[in-house]
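Contents: one structure, followed by commentary.
The values are calculated or read from the model by the stated rules, or taken from the named source; none is laboratory data. What you see is a predicted model; the values in this text were computed from it and never measured. Neighbour counts run over all protein chains shown; Cβ positions are idealised from the backbone, glycine included.
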Amino acid sequence: MLKMNHLSKVYRTHLIETHALRDFSIHVREGEFVAVTGPSGSGKTTFLNIAGLLEEFSGGEFWIDGVDVRGMNDDQRSRLRNEKIGFIFQGFNLIPDLNLFDNVDVPLRYRGFDAAERKRRIEENLTRVGLASRMKHYPAELSGGQQQRVAIARALAGSPRLRLADEPTGNLDSLMARGVMELLEEINRQGTTIIMVTHDPELAARAQRNVHVIDGQVTDFESEPQLRAPAHGSGATTAVA
Amino acid sequence: MFAYYLQLGLHSLKRNALLTALMVFGIALGIGTSMTSLTVFYLMGSDPIPWKSDKLHAVQLDNWSAEEPYRAPNEPPDQVTYLDATALMQASKADLQVAMFKVVWPVQPENPEIKPYSAMGRATYTDFFAMFEPPFKYGGPWDRAQDKENARVVVLSRDTNEKLFGGQDSTGKKVRLNEVDYTVVGVLDKWQQRVKYYDLTNGAFNDPEEYYVPFTTAIEFKTRASGNNSCWDSPKAGWEGYLASDCVWIQFWVQLNSPARVAEYKSFLDNYVNEQKKLGRFPRPLNNRLPDVNEWIVAQRVVPSDAKIQVGLSFAFLIVCLVNTVGLLLAKFMRKSGEIGLRRALGATRGQLFMQHLIEAGVIGISGGLIGLVLTWFGLMAVRGLYADLNNVAHLDWFMVLTAIALSVTAAVLAGLFPTWKACQITPATQLKT
C-alpha cells in the first residue's frame, strides 16, 4: 500500500541544512494498522506529511498503491491524495462555519461526485460514526470526541485505501480517546490500511505493528508484518535486524 | 464547481463580518464616487441621436473678420448670419435643412386664472421636426407652405400644453404669444434630451423649448434672437440693417443622407462662399465646416475639461479603495490559511483554490457594486441638487448600471489576485498541525 525506500528529507536555509528524514525505508501492506512512534522532533510528522503528499521529499523512492509519486506535479499529487488518502488530524480540522454534512462533503466535491452520490456517502459515513442525527449541526455544537468522529467520517467518505492519523486522540480525554480508537480499529478490521502517528505507548500497542523513529530514521521495526488482530495492550515492538 | 465556489463565497461573507463589511463598503464607496462622475461624463459626451447622428450636420461658414478668427486657432463661427441662413434655405440643397434661433416671448393664456408668463421658444422651419425627431402626442408639425406664408401656427411642448390646456388635445385651439394669436397644430410628447446639441451656443444642458413657431413668422415680427449674438463689424441701423449685417445668431443644420451628399453639400457651400467673396463678403480664407452631431459635441467642448479631471480623481479614489481592499482581503485569506491547508490536504488543487478565492473576491465585488449603485444614485441626486443644468445628464441608465457591476467585480477580482495567489502558496502541512 505504501512503500518508501531510502527516503530523505532535507530542509535548507542559506545557513544550515536540517535532515528531517534520512535513509528512511518502510513498507506498509494493504490492511495493516501501523503505529509510528518517536520523541518530538524525531521526524514522524515529516514522514506523515510526505506519506500524505503534503510535502515533497528530497531523495529516495516512494510508491502509494503501486503509483510512483516521484516527479508528480502538484495537481497530480492533489488528485492522488484525494483519491487514495484520508486524513485524521489531532486538532480535527473541521471547518467551523460549515455544518457536519458540508464538512464531510469537502473531499467529495474535489473528487467530482454528483450530488446524489455525495449525499449517499455523507449520510452513510455519518451514520457509521453515530452522528447521522446531527448532520445539520456545526462543529462547535459537538464534543471533541464527536468532532473527531466527523473527521473520521470525512476521511472515510471518499473510500480512500489509506488513512493517515496524526495523534488522533491527542486532544481527547481517555473515554473519548477509547471510543475513537475503537472506531479506527473497526475501520481497519473492514480492510482499510491505517498509519497512525502517536506519542501514546498504549495506543501504539493496539496497532498491529509499531515503527519507532529517532533522528529521522527508523530504529525499531517489525520487519515481517504478520497480520494479526490488534493486541490491546500487548504492543511490544520488535527490534529491526 | 462554480456553484460550490459561489456558495462558499456567500458563506464567507458572514465570516469575519466586520472585515467583510469594511471591504464591501470600501469598494462601494469607490464605485459610488467613480460611477457618479463617470455617469455625468458619459452622458454629457454620449451620442444624443445615435440612429442618425452621422446624417445631421451643423453648417459653419467663416464670414469672420480678416484680422482675427472667430476663435483661435482658426475656428469659424458656430452660427450663421440671416443673409446666409435665408440664402441656404432658399437654395434647399440638403435633404432637409433648418435655420432657427431662440426666442423668448410672453405667453398670454386665455384662462384668466393663469397669469401671463415669459417662455422660451424656438423660431424654426418645419424640417426641424423631421430632423431632430421630437415625438408628437397630438397633431404634427406645420408644413412647408406655412413656412412660406409666415403662418400663425405653433407646436407646443407637453408641459406648455399641460399648463394651458390641462393636457387635452389642443390642436386647432389658439394660443396668444407676444400679442398675436397662433393656432396649435401639434403638441409634443415628453422630449428630454441629455444634450441640446442643435443649439449648443445657448447652453448644452438647457431645457427643451416650450413652443415652436415658424422662423419666417418670427422674422416678420422683427424678433431678435434671445440667445447668443456675435458681430465682428457694427451692423447698420434698424432691423433691415441688422438682417443685412455679418452678425451671427442663427443655428443652421442640414440632414445629408449619405457621404456623397455630404461631399456635394460641402462643395455647394464652398461655391456659395466664393460667390459671396466676389460681393466683398467672407474676407477670410475658405473655412467652411460640416461637423456631424458627435464632431459638433466635441468641437463645442460640451464635456468640460474639469469633468475629465473629476473622473480621473474619482478613479484614483477607487484605486485607493482597491489597495485598501487588497490589504483586507489578504488579512481575510491569511486568517483562512488553516482551511486552505485543510482543503489542500483533502484533495483541492491550487487551481481549484485559486478559483474559489477569486470567486469569493467576486462576490465581495458584486456586493460592493450593488451598494455602490445605491451610493451612485444618491451621488447623482446630489449632482442634480447642486447643478440644475445637469438635470438631464445626472441619471443612471442600464448601461451604466451594468458598467458599475462589471467595474466592481473586475476591481474586486483584481484586488483579489495577489491575496488569492498568496493564499494558494500556503504549505498545507504547516497549517494542519495544531
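Test B:Val180 against the stated conditions and say whether it is within 19 Å of B:Thr124 (Cα to Cα), over 33 Å from the mean Cα position of the chain (by Cα) and either of a type in the set (Val, Ile, Thr) or at pLDDT 95 or above (or both).
yes
How many of the residues making up the stretch B:344-357 are within 8 Å of chain A (Cβ to nearest Cβ) and either touching a helix residue (DSSP H, G or I) at 6+ places or on another chain (Cβ under 6 Å) or aromatic (Phe, Trp, Tyr) (or both)? Before the answer, list the steps.
Going residue by residue through the stretch B:344-357, those that are within 8 Å of chain A (Cβ to nearest Cβ) are B:344-352.
Retained after the next criterion (residues that are either touching a helix residue (DSSP H, G or I) at 6+ places or on another chain (Cβ under 6 Å) or aromatic (Phe, Trp, Tyr) (or both)): B:344-350.
Of the residues in the stretch B:344-357, 7 are within 8 Å of chain A (Cβ to nearest Cβ) and either touching a helix residue (DSSP H, G or I) at 6+ places or on another chain (Cβ under 6 Å) or aromatic (Phe, Trp, Tyr) (or both).
Got a sec? Which of A:Phe62, A:Phe24 is hydrophobic (A, V, I, L, M, F, W, C), more than 17 Å from the chain's Cα centre (by Cα) and at pLDDT 90 or above?
A:Phe24
Please go through (1) buried (at least 22 other Cβ atoms within 10 Å of the Cβ); (2) touching a residue at least 60 places away in the same chain (Cβ under 8 Å); (3) away from every other protein chain (no Cβ under 14 Å) for A:Pro201 and return the number of the only condition it doesn't satisfy.
In the conditions (1) buried (at least 22 other Cβ atoms within 10 Å of the Cβ); (2) touching a residue at least 60 places away in the same chain (Cβ under 8 Å); (3) away from every other protein chain (no Cβ under 14 Å), A:Pro201 misses (1) alone.
Quick one: A:Glu30 ticks every box in (1) in a loop (DSSP other than H, G, I, E, B); (2) crowded, with 18+ Cβ neighbours inside 10 Å; (3) more than 12 Å from every other protein chain (Cβ to nearest Cβ) except a single one, so which number is it?
Only one criterion in (1) in a loop (DSSP other than H, G, I, E, B); (2) crowded, with 18+ Cβ neighbours inside 10 Å; (3) more than 12 Å from every other protein chain (Cβ to nearest Cβ) is unmet by A:Glu30, namely (2).
If I filter the stretch A:115-126 for residues that are within 12 Å of another protein chain (Cβ to nearest Cβ), farther than 24 Å from A:Met196 by Cα and out of contact with any Pro (no Cβ under 9 Å at 6 or more places or on another chain), do I get at least one hit?
Narrowing the stretch A:115-126 to residues within 12 Å of another protein chain (Cβ to nearest Cβ): A:115, A:118.
Okay, now just the ones that are also farther than 24 Å from A:Met196 by Cα, so A:115, A:118.
So of that shortlist, the ones also out of contact with any Pro (no Cβ under 9 Å at 6 or more places or on another chain) come out as A:115, A:118.
Within the stretch A:115-126, one or more residues are within 12 Å of another protein chain (Cβ to nearest Cβ), farther than 24 Å from A:Met196 by Cα and out of contact with any Pro (no Cβ under 9 Å at 6 or more places or on another chain).
Among the listed residues B:Gly341, B:Gly347, B:Gly280, identify the single one that is surrounded by fewer than 16 Cβ atoms within 10 Å (Cβ to Cβ) and either more than 30 Å from B:Leu38 (Cα to Cα) or in contact with a Cys (Cβ under 9 Å, 6 or more places away or on another chain) (or both).
On the way: B:Gly341 fails: surrounded by fewer than 16 Cβ atoms within 10 Å (Cβ to Cβ); B:Gly347 fails: surrounded by fewer than 16 Cβ atoms within 10 Å (Cβ to Cβ).
None of the other options fit; the residue is B:Gly280.
Got a sec? Which of A:Leu164, A:Leu156 is over 23 Å from A:Met135 (Cβ atoms), crowded, with 23+ Cβ neighbours inside 10 Å and within 13 Å of chain B (Cβ to nearest Cβ)? Even if it seems obvious, please write down each step before you answer.
Details: A:Leu156 fails: over 23 Å from A:Met135 (Cβ atoms).
Sole residue among the options that is over 23 Å from A:Met135 (Cβ atoms), crowded, with 23+ Cβ neighbours inside 10 Å and within 13 Å of chain B (Cβ to nearest Cβ): A:Leu164.
Can you pull out the residues in the stretch A:115-139 that are surrounded by fewer than 18 Cβ atoms within 10 Å (Cβ to Cβ) and within 25 Å of A:Arg77 (Cα to Cα)?
A:Ala115, A:Glu117, listed by residue number.
Would you point out the residue of the stretch B:183-224, among those that are at pLDDT below 90 and of a type in the set (Gly, Ala, Ser), that is farthest from B:Gly121 (Cα to Cα)?
Filtering first and then ranking leaves B:Ala204.
Looking only at the stretch B:77-124, count every residue that is crowded, with 24+ Cβ neighbours inside 10 Å and among the acidic types (Asp, Glu) and tell me the total.
Total meeting the criteria: 1.
Checking the structure you have, find out if any residue of the stretch B:358-380 is more than 13 Å from chain A (Cβ to nearest Cβ) and among the aromatic types (Phe, Trp, Tyr).
Scanning the stretch B:358-380 turns up at least one residue that is more than 13 Å from chain A (Cβ to nearest Cβ) and among the aromatic types (Phe, Trp, Tyr).
Please tell me if B:Ala429 is at pLDDT below 85, away from chain A (no Cβ under 11 Å) and either buried (at least 18 other Cβ atoms within 10 Å of the Cβ) or farther than 29 Å from B:Thr36 by Cα (or both). Before you say what the answer is, go through the steps one by one.
Numbers: at pLDDT below 85: yes; away from chain A (no Cβ under 11 Å): no; either buried (at least 18 other Cβ atoms within 10 Å of the Cβ) or farther than 29 Å from B:Thr36 by Cα (or both): yes.
When the stated conditions are applied, B:Ala429 does not pass them.
Might you check whether a residue that is in contact with a Ser or Thr (Cβ under 8 Å, 6 or more places away or on another chain), hydrophobic (A, V, I, L, M, F, W, C) and either crowded, with 22+ Cβ neighbours inside 10 Å or modelled with pLDDT of 85 or more (or both) occurs anywhere in the stretch B:3-21?
no
Can you tell me which residues in the stretch B:293-333 are charged (D, E, K, R) and surrounded by 17 or more Cβ atoms within 10 Å (Cβ to Cβ)?
B:Lys332
Go through the residues of the stretch A:140-153 one by one and say whether even a single one is closer than 24 Å to A:Met181 by Cα, crowded, with 22+ Cβ neighbours inside 10 Å and among the basic types (Lys, Arg). I'd like the intermediate steps shown before the answer.
We begin by selecting, within the stretch A:140-153, every residue closer than 24 Å to A:Met181 by Cα; these are A:140-153.
Going one step further and asking which of them are crowded, with 22+ Cβ neighbours inside 10 Å, we end up with A:147-153.
This time we only want the ones that are among the basic types (Lys, Arg), so: A:149.
Yes, the conditions are met somewhere in the stretch A:140-153.
Taking the stretch B:26-77 only, how many residues are part of a loop (DSSP other than H, G, I, E, B), touching a residue at least 60 places away in the same chain (Cβ under 8 Å) and small (Gly, Ala, Ser)?
Qualifying residue count, the stretch B:26-77: 4.
Under 7 Å by Cβ, and 6 or more places apart or on different chains, what pairs join a residue from the stretch A:15-32 that is without any contact (Cβ under 8 Å) to a residue 12 or more places away in the chain and more than 30 Å from A:Ser159 (Cβ to Cβ) with one that is assigned to a strand (DSSP E or B) and of a type in the set (Ser, Thr, Tyr)?
A:Thr18/A:Tyr11
If I go through the stretch B:120-155 residue by residue, how many of them are touching a residue at least 60 places away in the same chain (Cβ under 8 Å), touching a Leu at 6+ places or on another chain (Cβ under 8 Å) and outside any loop (DSSP other than H, G, I, E, B)?
Total meeting the criteria: 5.
Considering only the stretch A:57-77, state which residues are in a helix (DSSP H, G or I) and of a type in the set (Lys, Arg).
Result: A:Arg77, single match.
Here is a list: B:Leu38, B:Leu43, B:Leu29, B:Leu88. Which entry is at pLDDT 90 or above, assigned by TED's automatic domain parsing to the domain that holds B:Leu375 and either in contact with a Cys (Cβ under 7 Å, 6 or more places away or on another chain) or farther than 30 Å from A:Asp97 by Cβ (or both)?
Values: B:Leu38 fails: at pLDDT 90 or above; B:Leu43 fails: at pLDDT 90 or above; B:Leu88 fails: assigned by TED's automatic domain parsing to the domain that holds B:Leu375.
The match here is B:Leu29.
Do you know which residues across the stretch B:192-235 are on the phi > 0 side of the Ramachandran plot and free of Cβ contacts under 8 Å to residues at least 40 places away in the same chain?
The one that is on the phi > 0 side of the Ramachandran plot and free of Cβ contacts under 8 Å to residues at least 40 places away in the same chain: B:Lys222.
Considering only the stretch B:362-410, state which residues are of a type in the set (Val, Ile, Thr) and at pLDDT below 80.
Going residue by residue through the stretch B:362-410, those that are of a type in the set (Val, Ile, Thr) are B:363-364, B:366, B:371, B:374, B:376, B:383, B:393, B:401, B:403, B:405, B:409-410.
B:Val393 - this is the single residue of the stretch B:362-410 that is of a type in the set (Val, Ile, Thr) and at pLDDT below 80.
Which residues, taken from the stretch A:37-55, are part of a loop (DSSP other than H, G, I, E, B) and surrounded by 16 or more Cβ atoms within 10 Å (Cβ to Cβ)?
Passing the criteria: A:Gly38, A:Ser42, A:Gly43, A:Gly52, A:Leu53, A:Leu54, A:Glu55.
Could you tell me which numbered condition A:Leu80 fails, if it satisfies all but one of (1) free of Cβ contacts under 8 Å to residues at least 40 places away in the same chain; (2) part of a loop (DSSP other than H, G, I, E, B)?
All conditions pass for A:Leu80, except number (2).
Kindly provide the set of residues from the stretch A:96-114 that are within 14 Å of another protein chain (Cβ to nearest Cβ), among the aliphatic types (A, V, I, L, M) and surrounded by 21 or more Cβ atoms within 10 Å (Cβ to Cβ), ordered by number.
If the condition is that a residue be within 14 Å of another protein chain (Cβ to nearest Cβ), among the aliphatic types (A, V, I, L, M) and surrounded by 21 or more Cβ atoms within 10 Å (Cβ to Cβ), then A:Val104, A:Val106, A:Leu108 are the ones that fit.
Considering only residues of the stretch A:83-95 that are touching an Asp or Glu at 6+ places or on another chain (Cβ under 9 Å) and assigned to a strand (DSSP E or B), which is nearest to the other protein chains (Cβ to nearest Cβ)?
A:Phe87
Which residues, taken from the stretch A:41-76, are within 9 Å of another protein chain (Cβ to nearest Cβ) and among the charged types (D, E, K, R)?
Residues satisfying the conditions are A:Glu55, A:Asp74, A:Asp75.
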